[in-house]
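What follows is a single structure, written as structure tokens, with notes after it.
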Amino acid sequence: MQQALHALDAHNWRIDSWHDKPARQQASYPDQQALADTLSQLNQLPPLVTSWEINTLRQELALAQQGKRFILQGGDCSENFHECTSPVITNRLKVLLQMSLVLTHGLEMPVVRVGRFAGQYAKPRSSDIETRGDVSLPSYRGDLVNGPEFTPESRIPDPRRLLRGHARSALTMNFVRALVDGGFADLHHPEYWNLNWLEHSPLAKEFQRIADDIEQSIRFMETVTGKTAGTLRRTDFYTSHEALHLHYEQAMTRQVPRVDGWHNLSAHFPWIGMRTAELDGAHVEFFRGIRNPIAIKIGPGMSSDWLRGLLEVLDPGREAGRITLIHRMGAKHIAEHLPALIRTVKSTDHAVTWVCDPMHGNTESTAQGIKTRRFENIQSELEQAFDLHADCGSILGGVHLELTGEDVTECTGGARALSDTDLQRAYKSTVDPRLNYEQAIELAMLIVRKHQQIAAAN
Ligand code: PEP
Ligand code: CO
């Protein structure tokens, strides 16, 4: 490993040094000239975020490390170009804002809101080829690369999609910024919540108490300050996506006046997926040279040595807020794997922010072959994560969720006890199953309940 680390010396980094490393999960474009032309256009287009916003986020993440902030990161598994619409964006923002209100009041700390949107258009796949009957075609890799329809035309990677992805991301960002700056934050207010699901929950009384407490403290604040709730605090929203498509990410990575280094200006907070986190791979090479705070997804296959290597390569400056580790172990495996990794980090002089993704380790298929996740497993992984961190003297700084503001039926369970047969009613995701509006708000309340239980026990 020493040799590998030596090869990754910071001075050898170039914006395109990732080309010298094996790059997994990349599209294979038949027309390389068209790709090159598109990338040079993309490189001239305005960025989606700014370096000072990125720096503010790094400070917020450093506070989450110390238990002074809670990170709520959420959105689709994969955004689609055709869902870049006003209602979808509005509903997604609404559910995230309402969850963050529940968390701010219930955990008694500010929430750092990070959308999995405005650029979450590229997906890793388990196979390069998808076969149906006797037809085999390139796999769908997200709208940034090709189309989901199972036809040869649609599955050919098309570089023009990179420009559309950038434009859709900018449209999304523009609308989100306008909504957040305007009166939209009123949706914070409990009278805009849809809590009809509450009566179906065995915890209805407890949830009602949480909702009443929030309502009361908002009224109190409004009376004392004379301002309406949404205007009390500037509601910052940050964006994140898996920085998977390295050509796209490179074109969006820039040097800005009077600031050292390179910033990836396609999102505030890019992450490395579990499938592309090899120490000597192209993604780690690319990420080590950018100044953004970055996240790494870690699953049951992550070893202590591998993790130590990643911290060394990606955080040579031991910078607060630089590294977030998003663990996604599965309800059945988290107790076995997480404590050793927490101890590994503690044995180094790196500080990391820990976030739990209770979605990706809990994906399963129904008897009918539909991909789903059970709410009870999501809840269980999250609750175990709180306990395991507390037992190890560590802090769980946030949660990473796949959710939507729409009334979909993709995950089973929750207060309305959705069953496998309900999944047919409104299953819309082209990739992973998401929590719907009600399940997302319920999960936020369960986080509050768990947090309050831990606080009461200490
Ligand atoms: C994802 O976040 O959609 C994803 C593919 O996650 P992971 O890298 O954790 O499997
Ligand atoms: Co996913």
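The table that follows gives values for the structure above.
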quantity: Out-of-range pairs (alpha-carbon distance over 20 Å; input K68/K332; K68/K205; K68/K297; K123/K346; K68/K450); calculated: K68/K332; K68/K205; K68/K297; K123/K346
quantity: Cα-based Rg of the stretch 116-202 normalised by 2.2 N^0.38 Å, two decimals; calculated: 1.63
quantity: Gyration tensor (Cα) of the stretch 38-113, equivalent ellipsoid semi-axes in angstrom; calculated: 28, 20, 9
quantity: Shape call, the stretch 228-355: gyration tensor on alpha carbons, a/c limit 1.5; calculated: oblate
quantity: Computed P(r) (all Cα pairs; the stretch 1-144; 10 Å bins; percent); calculated: 8, 22, 31, 26, 11, 1
quantity: Table column - 3J(HN,Hα) (Hz), the stretch 250-257, Karplus curve with 6.51, -1.76, 1.60, x for Gly and Pro; calculated: 4, 5, 9, 9, 9, 9, 10, x
quantity: Carbon + sulfur, % of accessible area of the stretch 331-441 - ligands and nucleic acids excluded, 1.4 Å; calculated: 46 percent
quantity: Accessible surface, the chain, averaged per residue in Å² (probe 1.4 Å); calculated: 41 Å²
quantity: In Hz, Karplus ³J(HN,Hα) per residue of the stretch 156-169 (6.51, -1.76, 1.60; θ = phi - 60°; x = Gly, Pro); calculated: 6, x, 10, x, 4, 5, 5, 5, 5, x, 4, 5, 4, 5
quantity: Kirkwood Rh in Å, taken over the stretch 319-409 so that all alpha-carbon pairs contribute; calculated: 14.2 Å
quantity: Computed FRET value (nearest 0.05) for R258 with D236, which takes r as the C-beta separation and R₀ as 25 Å; calculated: 0.65
quantity: DSSP-defined antiparallel bridges as percent of all bridges, the chain, nearest 5; calculated: 25 percent
quantity: Given charges at Cβ of Lys, Arg, Asp, Glu: the chain dipole, positive-most of I210, Q368, A267; calculated: A267
quantity: Amide hydrogen neighbours beyond the local backbone of T239, cut-off 5 Å, H modeled; calculated: G115, H268, F269
quantity: Full-stretch length increase - S40, K68 - with 0.36 nm per residue and alpha-carbon distance subtracted; calculated: 5.9 nm
quantity: For the stretch 393-444, the fraction of alpha-carbon pairs in successive 10 Å shells from zero, as %; calculated: 25, 51, 16, 7, 1
quantity: Value at 222 nm in deg cm²/dmol, rounded to 500, when DSSP H runs of n ≥ 4 in the chain each add -39,500 (n - 2.57); calculated: -12500 deg cm²/dmol
quantity: Rounded percent of accessible protein surface that carbon and sulfur make up, the stretch 52-169, 1.4 Å probe; calculated: 51 percent
quantity: Within straight-line cross-link reach of K94, lysines at Cα separation under 20 Å, skipping those fewer than 8 residues along the same chain; calculated: K428
quantity: Cα radius of gyration and Dmax for the chain (Å); calculated: 21.5, 69
quantity: Size of electric dipole in the stretch 55-117: Cβ of Lys, Arg +1 and of Asp, Glu -1, about Cα centre, debye, nearest 20; calculated: 180 debye
quantity: Sorted peptide list for 75-86, 396-407, 203-214, criterion being average Cβ within 10 angstrom, highest first; calculated: 396-407, 75-86, 203-214
quantity: 5 angstrom amide H check on T409, placed H, neighbours 5+ away; calculated: A426, Y427, K428
quantity: Cβ-based net charge around C411, under 12 Å, with every Lys or Arg adding one and every Asp or Glu removing one; calculated: -4
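The values are calculated or read from the model by the stated rules, or taken from the named source; none is laboratory data. In this text the structure is predicted, and so the values were computed from the model without any measurement. When we count neighbours, we look across all protein chains shown, and the Cβ atoms used for this are built from the backbone with ideal geometry, even at glycine. To get the accessible areas, we keep the full protein, side chains included, count just its heavy atoms, and leave off ligands, DNA and RNA. Shrake-Rupley method; radii C 1.70, N 1.55, O 1.52, S 1.80 Å.
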